[in-house]
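Report on one structure; see the data block that follows.
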Amino acid sequence: MNTRPEILFPLFAGITTLPGVGPRVAKALAEIKITRPRDLLLTLPQNGIQRNLRASVLDVTPPAVATVEVEVRAHHKNPARGRPYRVSVSDAKTSFQLVFFHPRVDWLQRTLPVGQRRVVSGKVEIFDGVAQMVHPDYILAPSESASIPEFEPVYPLATGLAQKTVRRAAMAAVERAPELSEWIEPGLKAANNWPDWHAAVERAHHPTKMADLSPASPDRARLAYDEMLAHQISLALARKNHLKVRGKQSVGTQNIQSNILKKLPYKLTGAQEHAISDIAKDMAAQTRMNRLLQGDVGSGKTVVALLAMLIAVEAGGQAVMMAPTEILARQHFDSLAPLLRECGVSLEIVTGRDKGKLRQKKLQALAKGEIQILLGTHAVIQNDVVFHDLRLAIIDEQHRFGVRQRMDLGQKGQGVDVLVMTATPIPRSLALANYGDMDISVLDEKPPGRRPVQTSVLPAGRLGEVIAHLKTAIAAGRQAYWVCPLVSESETREWTAAKERYDSLCQALGADRVGLVHGQMPASDKDAAMARFVAGETSVLVATTVIEVGVDVPQASIMVIEQAEHFGLAQLHQLRGRVGRGATDSSCVLVYSPPLSRTAQKRLAAMRESDDGFALAELDLTLRGAGDILGVQQSGVPKFRIADLETQAHLMKMAQDDARLLTRTDPELSSPRGQAARVLLYLMEQDKGIRLITVG
Ligand code: ADP
Ligand code: MG
């Protein structure tokens, strides 16, 4: 039920209740997602125009806005066809012309009577060597000129909207803004010199100088913080809700784990050990684990997942790990099966491919607890997949799944511990925005002995050279991935491109040396192609982006990416992460089709210069903006109207701490500050958070 506080009603009324907003304007505003006064209130001016009175248009450097007092000298009526109507005026130092296209002449003559003084404000330009002002924004008698703002806010506009209209409506929305009780922790507010909400709103809409438009201004910082805080309170409430369900206490015996560790050909990195101990602690606790394991490509998340699953098994229960692609699920299965079987752990794989009797058999064994570890694709969340005693659910490459799918997996048992893993290096601010309800472990250390991948950038015109190099390299026993262009609008075209490239590489390198995988292939063909590549039977694997996530073939050491300019930085980094895993030197060739846009140039240059996923992610954020960075599938990305995750990243951490503290000390949000925070949740339309407080 909607129990929006009454104090907010005026802000949530129809937009047409604002002056000057009729159905036409309302429609245009709706295009920029403004449908209520509240939306307009949270849409701040993006720019400002200086309109302070000057002696002369000579005092500004055209083209620029000037406000001057003039004397009207003459009207030049009856202009030649197609020429505008001109009025000569003079200010304190010079004379210039006011220019009007298709004016109502009688109105002009009334407004600008010859011999009278007027204050005009508008953009001054030089045309044919003469200063002119086309359609001044203001023409007023000197006695009324005080109504021209010295600094005029400029709002973001949809087509068909005039600044004046939006400004007037925004001012009216500000008038309606009520005084609200404070939801920000007083110490924090004082330390940052933040004003009250009402004052912040009022001043943010009445900037008096450029600096007021900066995200660093106290008014804007406060309003951004409010948005982040509302979001973080929702996450904190969700987190409490997740933790409320009693978890199972899974304590490992170390029996199987120590056995496995002995069999591994390497020692765990410090970061891996740290992550595993975080996880073990969470799993042993009464509360449910809700943890994100973040680690750059190749940082070794799989073995952490394996050890976590063994804790569940050692404690007498089951674990499941879900991967986004069949290739990846199968790869996990193939790499883990021999190890686990030797240790007497039973595991199975379920994907969309399993049908009929065989699937039935697997599911029965699972329900009886005979299968201890289940791997698979999203097929593992189907309704008929029932566990005997599921204790841990792991989601690999979680950014490839929707929020819903993640939740469904966690609900496969009572109080299941949840671990999600991601290789997408996310800037801290985004991680906080997105996963603020989780605890985070980071693998910030790569396994030893990795050598940086040599990255080069080449135009498509030099593809011949690339192929020639490849020929030499594979003759020397090296293996390569060849990634075909990303065709966003059509999967069919994506695989046609891959097939064509496959054919031409077969010709150049020999058909028996080249394999092909793409998303449309029957799963068994995919497996076969992967298996031949893993076994070294083929040297080059032509692929669409199906290999982007997770694929691990340590001996492959060359990565060619065609039309690299169409990929995002994060994706390029993921793809490149497929190589550089073995002992040989690796290389990555980014092939592009000129001309390159400025951002594409920057992206490719960054790839050449940096091997650090986090640094690249930060850069990606500045190049693309937060909305894009996680891709369309990242349905959980919050859309902020004021807060900017780039420039105000530091506020997000503060908001998270503040939100967790508030929900810990006042879980019902019943204290005065808690009550104020409720109003904030309604104001910011944090429906999820509201549901959580209303259900209690
Ligand atoms: P990702 O984090 O991208 O999922 P993987 O788990 O696939 O990475 O691991 C990448 C490679 O690194 C694998 O071949 C794995 O065997 C290897 N590996 C993992 N941990 C270590 C380690 N501590 N020392 C050496 N190699 C490791
Ligand atoms: Mg992985």
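Values as computed for the structure displayed
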| quantity | calculated |
| --- | --- |
| Within the range 434-451: backbone nitrogen closer than 19 Å to the residue 185 label point (7 Å, Cα to C-beta) | 436-440 |
| Assigned charges on the beta-carbon of Lys, Arg, Asp, Glu; the chain dipole about Cα centre (debye) | 920 |
| Contour excess over end-to-end distance, with Cα ends at residue 71 and residue 143 and 0.36 nm allotted per residue | 24.5 nm |
| Unsatisfied cross-links (Cα-Cα over 31 Å) in the set 240/412; 77/123; 281/688; 164/688 | 164/688 |
| ³J(HN,Hα) computed for each position of the range 568-579 - Karplus, 6.51 cos²θ - 1.76 cosθ + 1.60, integer Hz, glycine/proline x | x, 4, 4, 5, 4, 5, 4, 5, 4, x, 5, 10 |
| Accessible area expressed per residue, the chain, with surrounding protein chains retained (probe 1.4 Å, Å²) | 44 |
| FRET E, pair residue 451, residue 157, Förster distance 45 Å, beta-carbon r, rounded to 0.05 | 0.30 |
| Proximal aspartates and glutamates relative to residue 209, as straight alpha-carbon distance under 12 Å, when same-chain residues fewer than 8 apart are discounted | 150, 152 |
| Using a Förster distance of 35 Å, the FRET efficiency for residue 172-residue 105 (Cβ separation, nearest 0.05) | 0.55 |
| Carbon plus sulfur fraction of accessible area for the range 453-610, probe 1.4 Å, in percent | 51 |
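The values are calculated or read from the model by the stated rules, or taken from the named source; none is laboratory data. Note that the structure is predicted; figures quoted are calculated from it, not measured. Don't worry about glycine lacking a Cβ; one is built from the backbone with ideal geometry, like all the others, and counts go over all protein chains shown. Side chains are part of the model used for accessible areas, which takes the heavy atoms of the whole protein and leaves out ligands, DNA and RNA. Shrake-Rupley method; radii C 1.70, N 1.55, O 1.52, S 1.80 Å.
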